[in-house]
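The structure follows.
FYI, it's all coordinate maths here, none of it is from the lab. Since we're looking at a predicted model, the values are computed, not measured. Neighbour counts are summed over all protein chains in view; Cβ atoms, including those assigned to glycine, are modelled from backbone coordinates with ideal geometry.
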Amino acid sequence: MRIPLFHINAFTNQPFKGNPAAVCLLDAWLDDGSLRKVAAENNLSATAFFVPDGQLPGVSRCDLRWFTPKCEIRLCGHATLATGYVVLNLLQPGRESVRFETRFSGALTVRKVGEAFSMDFPALVPKTRLDPPDDLFRALRSEVHPSPRILEVLEVNDTYVVVYENESAIQGISPNFVLLEKLHPFAVSVTAPGNEVDFVSRYFAPSYGVPEDAVTGSAHCALMTYWSDRFGKTSLHARQLSERGGEIFCEMVDDRVILKGNAVLTLKGTIEL
């Protein structure tokens, strides 16, 4: 079996920046074991698999699932953006939007907005965590500040959200991935007000095979909810401070978060199964 394969850098307009995702076009669903093996072979933070509802070109709806090298995930922003790029730029360049049906997160729509893409995602509301584990703080050691000021710790969707006072604290974190892995099933998002953008963040999920994610669209479903309330604004510009880095433009619309970003094709081929 030959599966069309695309590598897309999401939340950037430059090659080798943003978050790389693999996108696989299927005629029909493979068994879960095969999907996991393909994702492990790609060895990226996410591989998206999609099955069009009908024959391309002409479809407006696809089924979509995402896998890390270790497991299936419930919501993924950058791989959804990457799949939207494949459908709307490569397979159906005349179409303006595509609807993805997902197993855990409902319907997600990707639209072309000029050279960029917007995604309609569910808003997640983080709640204060009154008793965060000690390993969480030990894992988030800093090379810049011996004791960076933490404003609060939140929890949402199996993720600890640690809010710091400023951007330099986020940049200075040198995480202990062994301790972070022990927090499973929790991943960790760290965030602070930005110097040049509204807010910045980083994201760690070593127990899911992603030590540090480059740009995490799904995390911004909660980060945008939090910072929108803090700043009293419905449109914010975010930057993820990973080594590759990336930009996300966020908007609150009722109980949805609109995430907008660019994407770049870096590889197109097939995978043999």
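In the chain, how many lysine pairs have Cα atoms under 22 Å apart, counting only pairs 8 or more places apart or on different chains?
Lysine pairs meeting the criterion: 11.
Something else about it: Tell me the net charge near V110. Cut-off is 13 Å between Cβ atoms, V110 excluded, with +1 for each Lys or Arg and -1 for each Asp or Glu.
In short, +3.
Turning to a different aspect of this structure: Based on the alpha-carbon gyration tensor of the stretch 162-273 and its eigenvalue square roots a ≥ b ≥ c, which shape applies: rounded if a/c is under 1.5, prolate if not and a/b is larger than b/c, or oblate?
oblate
Measure nothing but the geometry: give the 0 to 90° angle between the long axis through the Cα atoms of 32-42 and the longest principal axis through the Cα atoms of the chain, rounded to 10°.
Computed tilt is about 70 degrees.
While we're looking at this one, here's another question. Once the Cα atoms of the stretch 1-160 are picked out, what are the Rg and Dmax in Å?
Rg, Dmax (Cα atoms, Å): 18.2, 58.
What is the stretch 199-250 by shape, rounded, prolate or oblate, if you read a ≥ b ≥ c off the alpha carbon gyration tensor as root eigenvalues and call it rounded for a/c under 1.5, prolate for a/b larger than b/c, and oblate otherwise?
Taking the square roots of the gyration eigenvalues as a ≥ b ≥ c, the stretch 199-250 is prolate.
Give me M119, M252 sorted ascending by neighbouring Cβ count inside 10 Å, so fewest comes first.
M252, M119
Let me ask something additional. In deg cm²/dmol, rounded to 500, what helix-only [θ] at 222 nm does the chain give when every DSSP H run of at least 4 residues adds -39500 (n - 2.57) and the total is split over its residues?
-5000 deg cm²/dmol
Hey, another quick one. Relative contact order for the stretch 82-126 using alpha-carbon pairs under 8 Å, separation at least 6, rounded to a whole percent?
Relative contact order of the stretch 82-126: 26 percent.
Rounding to the nearest 20 debye, state how big the charge dipole of the stretch 57-123 is about its Cα centre with +1 on each Lys and Arg Cβ and -1 on each Asp and Glu Cβ.
Taking the Cα centre of the stretch 57-123 as origin, the dipole is about 120 debye.
I would also like to ask the following. For the stretch 127-254, what is the charge dipole size about the Cα centre, in debye to the nearest 20, if Lys and Arg each add +1 at the Cβ and Asp and Glu each add -1 at the Cβ?
It works out to roughly 160 debye.
If you don't mind, another one. With a cut-off of 8 Å between alpha carbons and a minimum separation of six or more residues, what is the relative contact order of the chain in percent?
23
If you place +1 on the Cβ of every Lys and Arg, -1 on the Cβ of every Asp and Glu, and leave all else neutral, what size is the dipole of the stretch 1-86 about its Cα centre, to the nearest 20 Debye?
240
Taking R0 as 41 Å, what's the FRET efficiency between E41 and V113 from their Cβ-Cβ distance, rounded to 0.05?
Rounded to the nearest 0.05, the efficiency is 0.80.
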